[in-house]
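What follows is a single structure, written as structure tokens, with notes after it.
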Amino acid sequence: MKATLTITLALLCQFCFAQTLQLKWKSDTLLRVPESVLFDAGRNVLYVSNIDGKSDGRDGEGFISQLNLDGKIKNLKWVTGLNAPKGLGMVKNNLYVADLTAVVIIDIPSGKINQTIELEGAQFLNDITTDSEGNVYVSDSSTGKIYIIKNGKAEVYFESPEFTRINGLLALKDGLYVLDFGNGSNFIVSTDKKITKSATTGQGADGVVMVGKNEYLVSSWHGELYFVNAKGESTKILDTKDQKINAADIAYNSKAKVVYVPTFLANCVMAYELTK
């Protein structure tokens, strides 16, 4: 009886703390290969990077959209003239965009490009994250390098032979959370540059957000979302592969507990409420 009771309580505990997603809205499909979403809590707006072509295309067709928090498009082509924009990050009034081999800096109040910083040796810049000190970190999926932009200057911050094809980044208080698109490995890179395997999610690991103390949501480009608990255990909580809906670089509204998912080839953003 005691063993049975213990197992039953364990199963109930797992059930009580299981994360679920409920679809709230789906934007219009006027977006064009939306790769990344960033939530701006101060302005109550979503920024969406649109590749509008090939992921490595240097064609000037890429653009940034603004969406309201109800999914309605506020400004489809807010900033234009980019190549293949992907990851987004924000420091004060500046929006940072990973654009192939450069990081484009946009002044948010005016919607104008202020600066373009070419990263030496970069080939396929992908995700961006920013820390509390205003440093900007950028992943290069082709070279396996993580760059840092500090005081307007860029340099290589970290690289490791353990990476097969890095993508998603998230700045933590004591380091970086790093996703490997190639095999779904999740790593922690500490501030003293030590790398530790943290969890494993789906192949195609793309975006990562924090949803609780040492708890994360990780997207897989193929159309999956995983919840990773504080023990590093991952659970799939969304799967839209059969519907041919991708899940690229996600964002999270912690106050409303809403996850924003750019769907890449489905040309829209989908919002899900995260509940227990």
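The values are calculated or read from the model by the stated rules, or taken from the named source; none is laboratory data. Source: prediction; values computed, not measured. Heads up, the Cβs are rebuilt from the backbone with ideal geometry, glycines too, and the neighbour counts pull from every protein chain shown. Calculation scope for accessible area: heavy atoms of the full protein, side chains included, ligands and nucleic acids excluded. Shrake-Rupley method; radii C 1.70, N 1.55, O 1.52, S 1.80 Å.
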task: Quick one: which residue in Asp70, Asp56 is within 29 Å of Thr164 (Cβ to Cβ), touching a residue at least 40 places away in the same chain (Cβ under 8 Å) and of a type in the set (Asp, Glu)?
output: Asp56
query: When you go through (1) out of contact with any Ser or Thr (no Cβ under 6 Å at 6 or more places or on another chain); (2) open to solvent by 30 Å² or more (accessible area, probe 1.4 Å); (3) at positive phi one by one for Glu273, which number turns out not to apply?
result: (3)
query: Would you call Ser55 open to solvent by 20 Å² or more (accessible area, probe 1.4 Å), farther than 30 Å from Asp174 by Cα, modelled with pLDDT of 95 or more and within 17 Å of the chain's Cα centre (by Cα)?
result: yes
- request: Answer yes or no: is there a residue in region 35-45 that is under 21 Å from Ile245 (Cβ atoms), touching a Gly at 6+ places or on another chain (Cβ under 6 Å) and crowded, with 18+ Cβ neighbours inside 10 Å.
  value: yes
field: Those residues of region 136-152 which are modelled with pLDDT of 95 or more and either aromatic (Phe, Trp, Tyr) or farther than 17 Å from Leu176 by Cβ (or both), in sequence order
entry: Tyr137, Ser142, Tyr147
- line: A careful count of residues in region 67-79 that are over 18 Å from Phe264 (Cα atoms) and open to solvent by 30 Å² or more (accessible area, probe 1.4 Å) gives 6
